[in-house]
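A short worksheet on the structure shown next.
The values are calculated or read from the model by the stated rules, or taken from the named source; none is laboratory data. A quick note: this is a predicted structure, and the numbers were derived from the prediction, not measured. Note that each Cβ is placed from the backbone with ideal geometry, even for glycine, and that neighbours are counted across all protein chains shown.
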Amino acid sequence: MIQKSLENQDLHMSILLINKNSCKKITDKGLQYVWKGIRGLTSLRSLTLNFWDCGSNLFEKGLDEFIHTLKCLTSLQSIDLKFWTWNDVNKKEILSRTLKSLPSLKSISLNFQEWRKNDDIWMENLGRSLKNIKSIKNMSMKFQYCEEITEKGLLHLGRILKNHTGLQSIDLGLTPDKLTNEGFSNVCKGLAALTSLQSLNMNLHYMVNITQPGWNKLGQALKSKPSLRAIHLDLFECQGICDKGLQMVMQSICTLPSLKTLDLSFWRCKKILDKGLQHLSQALKALKNLKILKLNFSECDNITKAGLEHLGQGLAQLSGLEKLNISYRWCFGIKDAGLASISQALKKLSCLKDLNLNFDSCGITQEGMKILGQALITQSSLSRLSLNFAANAITDAGLKNLSQALTGLTALQDFYLHLAG
């Protein structure tokens, strides 16, 4: 399928090819028609190309025509490229060199998954191509399941960041099996150089080899970022992070005066214990300007009600919070007492408009629902409420307590309740 849109005001074009089966009637000849058509759009500002699972031959044979087209788009300010399982080494090198012919770029997004040939060399060539394009403000680099990215490749990625100290937004996605503290430290050094950064998004999944020294480097990189307004950190199943690592990261985050959004996911990070939540709580107390907070500790089954007691103390200090999303799915040691700690904190959050609580399989009973209901009654400004209490021991009495609370939420527009499981 090809999807093409052209808007006269901002001159944006998007081409989407999904799945080699649905695109099997499209050949390089057809794509050449598209490239030639784009080539005449000398005022084009934004271009999105998505070659997702289209088969390598479809794109690689027609790449020369595409590269020639890119060189003609000297007014291009935003480019978004997505390729999956594309392994022609020479073509990748040519593409990276071509990017330097786009001197007006302000935003670049590269999403390459399952590349398996000479990824380190390609990263080096990419760095050379982008080095002199100082206009870039927004950068997204996602190299997920690229098995041949090593410490050397991450050294080049760190250098790319260092050469663009004016970046305002960075989005990094890394899941290389060979990533260690050394390679991660090089990336963190690049982050440390971004003095104008406003938004940081990092997806670091399955990082089993990143241990305390690596998380120390990340903490150091987050310091001295007075303009940083949003942090999203997704550490899904990173078994190398523990309470001490969380402490180092949070000690830096709590020094960020402009932070409005904090989104932390430690799903299946089983070495985070109650002590880690205490460190998190202490940091939250300092984030007085925070408006949005998302915390995901799903399947961190070593966290108990004591950890949530710590967290509740920190939450209670965020009086200006407008959106709260908390997930402790499958944390069996939380029980009613843990939910009670969060409920008590909710009573202090008078500005809350959006609340999402996931306590699936946490041992909650009707007593916990009663305490939660008492807290919800105080949320007169709440417009969206999402509750997941599946696989708990809630009875009719518990739902009655919840119902009584709902009748007082006159501003509520969106309500979701999940009890099955």
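Brief remarks follow.
- Of residues in segment 396-421 being surrounded by 13 or more Cβ atoms within 10 Å (Cβ to Cβ) and part of a loop (DSSP other than H, G, I, E, B), the one modelled with the lowest pLDDT: Gly408
- Filter pass, Met123 being surrounded by 18 or more Cβ atoms within 10 Å (Cβ to Cβ) and modelled with pLDDT of 90 or more: no
- Number of the exception - Leu222 against (1) closer than 23 Å to Ser281 by Cβ; (2) surrounded by fewer than 20 Cβ atoms within 10 Å (Cβ to Cβ); (3) of a type outside the set (Ser, Thr, Tyr): (2)
- Only residues that are in contact with an Asp or Glu (Cβ under 7 Å, 6 or more places away or on another chain) and not in a helix (DSSP H, G or I) were counted in segment 144-155, giving 6.
- Screening Lys294, Lys288, Lys271 for residues that are among the basic types (Lys, Arg), touching a Leu at 6+ places or on another chain (Cβ under 8 Å) and assigned to a loop (DSSP other than H, G, I, E, B) leaves exactly one candidate, Lys288.
- Counted residues, segment 322-363 - those being part of a loop (DSSP other than H, G, I, E, B) and aliphatic (A, V, I, L, M): 3
- All strands (runs of 3 or more DSSP E) inside segment 156-234 with 1 or more residues being at pLDDT below 95: 169-174, 199-204
- Qualifying position, being among the charged types (D, E, K, R) and in contact with a helix residue (DSSP H, G or I) (Cβ under 6 Å, 6 or more places away or on another chain), among Glu147, Glu151: Glu151
- The condition of being crowded, with 21+ Cβ neighbours inside 10 Å, farther than 22 Å from Gln317 by Cβ and over 27 Å from the mean Cα position of the chain (by Cα) does not hold for Gly363.
- Restricting attention to segment 225-254, the residues that are of a type in the set (S, T, N, Q) and either buried (at least 17 other Cβ atoms within 10 Å of the Cβ) or touching a Gly at 6+ places or on another chain (Cβ under 9 Å) (or both) add up to 3.
- Only one entry of Leu295, Leu311, Leu315, Leu280 meets the criterion of being crowded, with 18+ Cβ neighbours inside 10 Å and in contact with a strand residue (DSSP E or B) (Cβ under 7 Å, 6 or more places away or on another chain), and that entry is Leu295.
- Residue within segment 242-251 that is of a type in the set (Lys, Arg) and within 18 Å of Ser281 (Cβ to Cβ) present: yes
- Selection within segment 13-42: residues that are assigned to a strand (DSSP E or B) and not hydroxyl-bearing (Ser, Thr, Tyr). The member of this set that is modelled with the lowest pLDDT is Ile18.
- Residue among Lys137, Lys100, Lys162, Lys152 that alone is basic (Lys, Arg) and touching a Lys or Arg at 6+ places or on another chain (Cβ under 6 Å): Lys137
- Residue list for segment 319-351, filter: within 15 Å of Leu284 (Cβ to Cβ) and basic (Lys, Arg): Lys323, Lys348
- Search result, residues across segment 372-395 that are within 18 Å of Lys347 (Cβ to Cβ), touching a Ser or Thr at 6+ places or on another chain (Cβ under 9 Å) and buried (at least 19 other Cβ atoms within 10 Å of the Cβ): Leu372, Gly373, Ala375, Leu376, Gln379
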